[in-house]
Ligand SMILES: [Zn+2]
Ligand SMILES: [Zn+2]
């Protein structure tokens, strides 16, 4: 079980975080960490899972509007 020190919002300070038992099959790569002091969980977003999640934001091409003459 890996531990690391991170800033905890609840504790308002740097605390030791440890990887909780993971049921999602992440194993050692589980992005979730639990504060060993308050038990609050944080998700480390720096992990990348395969393809990056692309938003559904559609960009509409800037269509120039023509004014009817
Ligand atoms: Zn996990
Ligand atoms: Zn905490």
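The values are calculated or read from the model by the stated rules, or taken from the named source; none is laboratory data. What you see is a predicted model; the values in this text were computed from it and never measured. When we count neighbours, we look across all protein chains shown, and the Cβ atoms used for this are built from the backbone with ideal geometry, even at glycine.
The figures follow:
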{"read-out": "So residue 34, is it surrounded by fewer than 12 Cβ atoms within 10 Å (Cβ to Cβ), within 16 Å of ligand 2 (Cβ to nearest atom), modelled with pLDDT of 70 or more and not in a loop (DSSP other than H, G, I, E, B)", "value": "no"}
{"read-out": "Those residues of segment 1-30 which are part of a loop (DSSP other than H, G, I, E, B) and farther than 13 Å from residue 41 by Cα, in sequence order", "value": "1, 2, 12, 23, 24, 25, 26"}
{"read-out": "Residue 25 modelled with pLDDT of 80 or more and within 16 Å of ligand 2 (Cβ to nearest atom)", "value": "no"}
